[in-house]
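Okay, so here's the structure we're looking at.
The values are calculated or read from the model by the stated rules, or taken from the named source; none is laboratory data. In this text, all values refer to a predicted model and were calculated from it rather than measured experimentally. Positions of Cβ are generated from backbone atoms using ideal geometry, with glycine treated the same way; all protein chains shown enter the neighbour counts. We work out accessible area using only protein heavy atoms, side chains counted, and drop any ligands, DNA or RNA first. Shrake-Rupley method; radii C 1.70, N 1.55, O 1.52, S 1.80 Å.
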Amino acid sequence: MTLLDQILPQEDRKRQWVAIGITVLIAGLMTAYGIYWQGDYGMGLFFLTPLFIGAAPTLLYGYNRPIASIKSVRLGFIALGVFTLWLILYAIEGLICIAMVAPLGLLMTWIGAMIGYALHQKNANDTPTELLILIMLIPTLGFVEKNIPPSITSVVTSIDIAAAPSAVWKNVVAFPQLDEPTEWLFKTGIAYPINAEIAGTGVGAVRHCNFTTGSFVEPITVWDEPRLLGFDVKAQPAPMKELSFWDIDAPHLHDYFVSKKGQFKLTELPNGHTRLEGTTWYYHNIKPAFYWSWWSDLIVHKIHERVLKHIKVNSEKG
């Protein structure tokens, strides 16, 4: 009699919950190891962990017994739900981050359930080996991808303003308090700008763009009045405050979304008005980049729009 024969009950309902419990326990330990030891928010966490959560309950429950494909999917999604509840209760993640990753998590859990079912159909007695392979893939991928450097991407947003560039420039360099946001995105805990101040003029001046979570410290690198204002980002606050029942300070809130530099470009239009273009260059240490860049670009665009609309209103009022 193997260890699994001793652990897994024969009674159907008990066997299901033991399979789910073992899955969540292993996934939780691997997640904590990846986040707090490896410092990794990557493919191992967002691809392989939900894939494991989908496959493992089928392999455990179906050890030496038949299982239907629909039951494989059901067990996988129940395990994912329990795992998500664990993340919330132990303050590992907040509700917004979980909502952001939910489409990817649901897809990979379903794929995992299908893989688990296919492995079970091939050999219902090889569960220990299959589980071990799935488990070892997660930290191994974390070690590999941690050495892959991130790539810098840019987000550009523009707006036309019924004012001359000289009038717009004054509101670009520094601007007064913004109104409370109406966008749903900023009501979820995502940080948003509230005002901007500057100490000095010209290259070397330091601009502070103040957000709800703190200040972006922006030394001026280009001062071409009234055409171009460029700056580096020397320091930045957390990108959001987690929406949670607890006070969460997750590792990914620090140095995982990194703003490198930005600029405001003012172009005079034929009618004397101004086209104002805001650009942010950033990178993040969260993978897969193709998935998280979609969210990051959306958020940066919304931040740009909030600032550009405020500059437009103040410039057109004179």
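Observations on the structure shown:
- Put a plus charge on the Cβ of each Lys and Arg, a minus charge on the Cβ of each Asp and Glu, and nothing anywhere else: the dipole of the chain about its Cα centre is then about 400 debye.
- For segment 1-91, chymotrypsin sites (Phe, Trp or Tyr not before Pro) meeting the loop criterion (DSSP other than H, G, I, E, B) and having at most 14 other Cβ atoms within 10 Å: Tyr90.
- Chymotrypsin sites (Phe, Trp or Tyr not before Pro) within segment 209-318, DSSP loop, no more than 15 other Cβ atoms inside 10 Å: Phe245, Trp246
- Only Cα sites of segment 1-149 enter the Debye sum here, all with the same form factor; the resulting log10 I(q)/I(0) across q = 0.08, 0.11, 0.12 1/Å is -0.21, -0.39, -0.46, listed in q order.
- Kirkwood Rh and Cα Rg combined as Rg/Rh, the chain: 1.13
- Helix axis angle, 289-317 relative to the chain longest principal axis, alpha carbon, degrees: 30
- Computed Rg/Rh of segment 18-58, alpha carbon atoms with Kirkwood Rh: 0.99
- Taking label points 7 Å from Cα along the Cα-to-Cβ direction, Asn210 and Ile70 give a separation of 6.0 nm.
- Cβ-based net charge around Ile22, under 13 Å, with every Lys or Arg adding one and every Asp or Glu removing one: +2
- Integer Hz, Karplus 6.51/-1.76/1.60 couplings in order for segment 183-196, x for Gly and Pro: 5, 4, 4, 7, 8, 9, x, 5, 5, 9, x, 10, 5, 9
- In this structure, the residue pairs whose Cα-Cα separation is over 18 Å, taken from Lys241/Lys312; Lys146/Lys287; Lys14/Lys71; Lys187/Lys241; Lys170/Lys312; Lys187/Lys312, are Lys241/Lys312; Lys187/Lys312.
- Convex hull (Cα only) mean projected area of segment 65-115, reported in nm² to one decimal: 3.9
- Cβ charges +1 (Lys, Arg) and -1 (Asp, Glu), total dipole of segment 121-186, debye: 260
- In summary, the convex hull built on the alpha carbon positions of segment 89-155 has an orientation-averaged projected area of 7.5 nm².
- Carbon and sulfur %, accessible surface of segment 195-290 computed with the full protein complex present, 1.4 Å: 54
- Positive end of the dipole of segment 235-289 (Cβ unit charges, origin at the Cα centre): among Phe245, Leu276, Val258, the Cα lying farthest that way belongs to Leu276.
- In terms of its Cα atoms, segment 108-253 spans 75, 34, 31 Å along the principal axes, sorted from long to short.
- Normalised per residue, the accessible area of the chain is 49 Å², obtained with a 1.4 Å probe and no contribution from ligands, DNA or RNA.
- Computed with the Debye formula from one identical point scatterer per Cα of segment 188-311, without solvent, the log10 of I(q)/I(0) at q = 0.09, 0.14 Å⁻¹ comes to -0.29, -0.67.
- Degrees separating the helix 12-32 axis from the principal Cα axis of the chain, which is the longest one: 40
- In this structure Lys265 has an accessible area near 90 Å², from a 1.4 Å probe over the protein heavy atoms.
- Principal-axis analysis of the Cα atoms of the chain puts helix 95-122 at an angle of about 30° to the longest axis.
- For segment 121-202, the normalised intensity computed at q = 0.16, 0.18, 0.23, 0.27 Å⁻¹ comes to -0.93, -1.03, -1.21, -1.28 (log10 of I(q)/I(0), Debye sum over alpha carbons, equal scatterers, no solvent).
- Kirkwood Rh in Å, taken over segment 264-317 so that all alpha-carbon pairs contribute: 13.1
- Electrostatic bookkeeping for Ala91 treats Lys and Arg as +1 and Asp and Glu as -1; over the other residues with beta carbon under 12 Å from its beta carbon, the sum is -4.
- A simple charge model with +1 on the Cβ of Lys and Arg, -1 on the Cβ of Asp and Glu and nothing else charged puts the dipole of segment 258-302 at about 160 debye relative to its Cα centre.
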